[in-house]
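The values are calculated or read from the model by the stated rules, or taken from the named source; none is laboratory data. Not measured: the values here are computed from a predicted model. So basically every Cβ, Gly included, is an ideal-geometry build from the backbone, and we count neighbours across all protein chains shown.
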Amino acid sequence: MVATDRTELAAFLRAQRARLQPADVGLPTDGRRRRTPGLRREEVAELAGVSDTWYTWLEQGRPIAASVQVVDALARALRLDPDQHRYLRTLAGLTTPRAETVTLGGEPRLRRLVDAATPNLAVVYDCHLDFMAWNTAYVRVRHDPGAMPADRRNLVWMMFTDAENRARMARWEPAARSVLSQFRAAVGRVPKDPRFVELVSALTEASPEFRVWWPEYPIRDFKAVTVAVEHPAVGRIALDIYQMRPVEHPDLLFVLQIPSTEEDRARVQSLL
């Protein structure tokens with residue numbers, strides 16, 4: 001943890017301690033007048049299960065290490081909300097807890113978002129690359145996730161097992177390898193996640209390419225790219241791919257596929 005982070009961490013802890021009273025955290029009042037507002041340091045230390053000295057050093061910005069367990073205990077002791085908890089972890093140099101993920105059909109805003117992107121193709125994936133929302137343009141040009149079984153409504157599954165999608169892609173292998181590399185990085189962050197475990201097992205059995213490429217540990221960040229789709233009704237459509245994450249749900253991935261030229265846009269419009 002750099003010095004600036006320790007200073008900010010100390011200031012943040014002091015500010016959160018100052019906003020609480022003993023009654024807020026279930027502590028009895030001792031009747032003594034408090035010289036400063038909020039909880040005392042020793043009260044926070046007691047609530048978090050750490051020593052008074054260690055907590056005092058932390059608030060003084062001294063170069064001491066704080067484990068995930070201790071930082072999470074401090075978050076509970078100070079009654080931090082999820083946003084404050086993630087900020088505390090960031091200041092302590094720790095991995096931030098994952099934000100609550102939206103469930104399929106539980107966020108109408110996502111559907112309005114993808115619909116508003118028309119005539120561009122738009123889709124939203126969750127942290128497993130499961131489809132969350134998609135628009136009509138995506139269905140007409142690429143494929144219909146709604147036609148897939150619910151437990152297989154996943155980008156990687158579609159990319160490696162859907163014959164129609166594979167036939168439409170002018171350069172399937174580079175696109176499949178790119179998707180796989182992002183999936184591999186996501187799995188690496190939470191390798192024991194049951195959904196990831198199940199998907200990897202099923203894909204290993206279902207796809208020869210996945211079975212060969214997965215052990216190679218393909219890791220590559222998203223790069224700006226243009227893909228070409230050979231549509232059976234209107235011919236080739238070139239699409240520029242963009243990826244973004246909503247601030248309120250950073251686990252979600254919003255992918256926009258924009259026709260590269262006016263001719264490509266006209267072909268998409270004709271399908272709508």
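Data for the structure
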{"read-out": "Any hit, segment 205-215, residues being modelled with pLDDT of 95 or more, among the small types (Gly, Ala, Ser) and surrounded by 13 or more Cβ atoms within 10 Å (Cβ to Cβ)", "value": "yes"}
{"read-out": "Looking only at segment 216-272, and only at residues there that are among the aliphatic types (A, V, I, L, M) and touching a Cys at 6+ places or on another chain (Cβ under 9 Å), the one that is nearest to residue 177 (Cα to Cα)", "value": "253"}
{"read-out": "Residue 236 modelled with pLDDT of 95 or more and either surrounded by 14 or more Cβ atoms within 10 Å (Cβ to Cβ) or in the same structural domain as residue 176 (by TED's automatic domain parsing) (or both)", "value": "yes"}
{"read-out": "Whichever residue in segment 167-192 is at pLDDT 90 or above and part of a loop (DSSP other than H, G, I, E, B) and, among such residues, is nearest to residue 142 (Cα to Cα)", "value": "170"}
{"read-out": "Leading residue by the ranking (surrounded by the most Cβ atoms within 10 Å (Cβ to Cβ)) among those in segment 216-233 that are under 30 Å from residue 263 (Cβ atoms) and under 26 Å from the mean Cα position of the chain (by Cα)", "value": "227"}
{"read-out": "Checking residue 38 against (1) modelled with pLDDT of 80 or more; (2) part of a helix (DSSP H, G or I); (3) of a type outside the set (D, E, K, R), the condition it does not meet", "value": "(2)"}
{"read-out": "From the options 58, 104, residue that is of a type outside the set (Val, Ile, Thr) and modelled with pLDDT under 85", "value": "104"}
{"read-out": "Single residue of segment 240-272 satisfying the filter (in contact with a helix residue (DSSP H, G or I) (Cβ under 8 Å, 6 or more places away or on another chain) and more than 20 Å from residue 132 (Cβ to Cβ)) that is surrounded by the fewest Cβ atoms within 10 Å (Cβ to Cβ)", "value": "272"}
{"read-out": "Residue match in segment 195-205 (condition: assigned by TED's automatic domain parsing to the domain that holds residue 242 and either closer than 28 Å to residue 259 by Cβ or assigned to a strand (DSSP E or B) (or both))", "value": "no"}
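Here is a yes/no grid of residues against (1) modelled with pLDDT of 90 or more; (2) outside any helix (DSSP H, G or I):
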position: 50; (1), (2): yes, yes
position: 63; (1), (2): no, yes
position: 79; (1), (2): yes, yes
position: 90; (1), (2): no, no
